[in-house]
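Notes follow once the structure below has been shown.
The values are calculated or read from the model by the stated rules, or taken from the named source; none is laboratory data. Remember, predicted model here, so these are calculated numbers, not experimental data. Cβ coordinates were reconstructed from backbone atoms using ideal geometry, including for glycine residues, and neighbour counts include every protein chain displayed.
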Amino acid sequence: MVEILTAEEFEFMKASGDILKEVFRTLDKEIRPGMTTYDVDKIAHDIITGRGAIPSFLNYGEPPFPGSICASVNEEVVHGIPSKKRILRDGDIISVDVGAILEGYHSDACRTYLVGDVKQEVRDLVDRTKQSFFEGLKYAKAGMRTGDIGHAVQEYCEGFGYGVVRELTGHGIGTSLHQDPEVLNYGKAGHGYKLKAGMAICIEPMITLGRKEIEMLSDGWTVVTRDGLPAAHYENTILITEEGPVMTTYEEEN
Ligand code: MG
């Protein structure tokens, strides 16, 4: 089902998104070598609950996801489980994917952070994954199609020889975390679901330094690159308005 939200509901979406802005602003200052992914989770959890919201990911799915964030380090693409045993080292990257529900409205976003001194080729991957989101965002307008977004992301990333993960996609969002339409990170311009004002979607490129193939670890959640090379992830919640896209989870510095 594709949900069409009212102007009033868009205000609730913005209030929900504001919480994730605060999470990212804080993590931007706090993430450093020696922290565990549990520590990162706790910071996000405390901000979300401190603002009267519920972490969307906590207990989501089957087996129930045990964290408030997905903390995916290096070759982990998505859905890494926060752990007191996973210590961030100098040169790592960590994707922090986080969601919040406020007054029944979800927001969902991800940033990939650099931990200490990261190799240039991996920094480039992180920067270009973010830029690929903005390439897709150009098409997040009423009358455009999801295929226009996917095509823009794919063309930009494959131009650098990166892998575009196929099995995981962006999605609609609103009173549920994941809903129609699927927003693929690849595809044909002019194809897919036609966007309408009132929709909210997440564009979330998951891009690999090497090959695009992924596999799932035995914990039932963590998705890694099959070749063991790093992956980056970037996401925002976007409102489709008559005046163009409005990101609820983005501010300039992040
Ligand atoms: Mg998402």
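Scanning region 166-180 for residues that are more than 13 Å from the ligand (Cβ to nearest atom), touching a strand residue (DSSP E or B) at 6+ places or on another chain (Cβ under 7 Å) and not polar (S, T, N, Q) gives Glu167, Asp180.
The set of residues from region 130-182 being more than 27 Å from Asp227 (Cα to Cα), hydroxyl-bearing (Ser, Thr, Tyr) and in a loop (DSSP other than H, G, I, E, B) comprises Tyr139, Thr175, Ser176.
Every residue, every condition in (1) surrounded by 19 or more Cβ atoms within 10 Å (Cβ to Cβ); (2) at pLDDT below 95; (3) on the phi > 0 side of the Ramachandran plot, yes or no:
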residue	(1), (2), (3)
Ala15	no, no, no
Ile19	yes, no, no
Glu22	no, no, no
Arg25	no, no, no
Gly34	no, no, yes
Lys42	no, no, no
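Taking only region 135-184 into account, find how many residues are within 18 Å of Val246 (Cα to Cα) and among the small types (Gly, Ala, Ser). Total satisfying the criteria: 7.
The set of residues from region 231-253 being in contact with a strand residue (DSSP E or B) (Cβ under 6 Å, 6 or more places away or on another chain), farther than 17 Å from Val183 by Cα and not hydrophobic (A, V, I, L, M, F, W, C) comprises Thr248, Thr249, Tyr250.
Among the residues making up region 170-195, a single one is surrounded by 20 or more Cβ atoms within 10 Å (Cβ to Cβ) and among the polar types (S, T, N, Q): Asn185. Whenever a residue of region 163-174 is over 17 Å from Arg128 (Cβ atoms), its partners that are outside any strand (DSSP E or B) and at pLDDT below 95, lying with C-beta atoms within less than 9 angstrom and at least six residues away or across chains, give the pairs Gly172/Met1. Please determine, by comparing only the residues of region 193-221 that are of a type in the set (D, E, K, R) and either modelled with pLDDT of 95 or more or part of a strand (DSSP E or B) (or both), which one is farthest from the ligand (Cβ to nearest atom). So, considering only residues that are of a type in the set (D, E, K, R) and either modelled with pLDDT of 95 or more or part of a strand (DSSP E or B) (or both), the one farthest from the ligand (Cβ to nearest atom) is Arg211. Only one of the numbered conditions (1) farther than 30 Å from Lys141 by Cβ; (2) buried (at least 18 other Cβ atoms within 10 Å of the Cβ) is not met by Gly210, and that is (2). Within the group Asp117, Asp127, which residue is without any contact (Cβ under 8 Å) to a residue 40 or more places away in the chain, farther than 20 Å from Arg166 by Cβ and either part of a helix (DSSP H, G or I) or within 14 Å of the ligand (Cβ to nearest atom) (or both)? Of Asp117, Asp127, the one residue that is without any contact (Cβ under 8 Å) to a residue 40 or more places away in the chain, farther than 20 Å from Arg166 by Cβ and either part of a helix (DSSP H, G or I) or within 14 Å of the ligand (Cβ to nearest atom) (or both) is Asp127.
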